[in-house]
Amino acid sequence: MSDKKATHPMVAMLAAGYVQKDKVNKFHNYRYASDETVSHKVRDTMRSAGVFVASCEITKFDSKEITTGKGETLQYCEVICSFHFSDGEHVYGPYQGCASAADKGDKAAMKAMTGARKYAIAQAFLISWGDDPEADESTDAAMEEGGSSAPVPPPLSTAAITAITAATAVAKANGMEGLHQTWSMFSQEVKAELSGRPEWESVKAIAEKA
């Protein structure tokens, strides 16, 4: 592998891999990977691969007051942020993340922006924290209380299955570089669906061995 390929963002993407959940939401009783842990992981892999953040933009910010079923008034925010990365010669992206948050005080915006940034980073570097972020919190809580089997992930869509099939063939033939090029051609919907899935982790393993 030449020096140019060694600094390609795909190196950072494959190196990032899995991030262990290190925090607990005591109110809802589920574990999650903190923004600090995710950011630290990504900084290390970006530094080793010669990749840096070219731009970070908030593309959506909605804020309003909502009333809960118990009559409480909360501040509610929805945020979408967009990242571009560069190796000094090419720009890659955008990679988007979205999040929402509610808070009794003034922290809703901060929580939503932090979550959006974290999920944008996760999409960009294919970070997995061992489950589906869309999983129901009651399922997560049940698992934390000692469930013996992991929840079954939802079936992949037809588009995702087609993408996995194509990516597997490319990974076998062209390794990491080919897999990165194939990933860049997927739609944002397919990327979001495949990120962190065991099927995609298997394709990445094939690319690493090719």
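The modelled label-to-label distance between Thr73 and Ser100, using points 7 Å beyond Cα along the C-beta direction, is 2.1 nm.
Taking the inverse of the mean 1/r over every pair of distinct Cα atoms in segment 63-115 gives a Kirkwood hydrodynamic radius of 12.6 Å. Shape summary: segment 155-210 maps onto an equivalent ellipsoid whose semi-axes, from the alpha-carbon gyration tensor, are 17, 11, 9 Å in decreasing order. Multiplying the residue separation of Lys107 and Met185 by 0.36 nm and removing their Cα-Cα distance gives an extension gain of 24.4 nm.
A short reminder: the numbers here are calculations on the coordinates, not readings from a lab. Every value quoted in this text rests on a predicted model; they were computed, and no experiment measured them. Methodologically, a virtual Cβ is constructed for each residue, glycine included, from the backbone with ideal geometry; neighbour enumeration extends over all protein chains shown.
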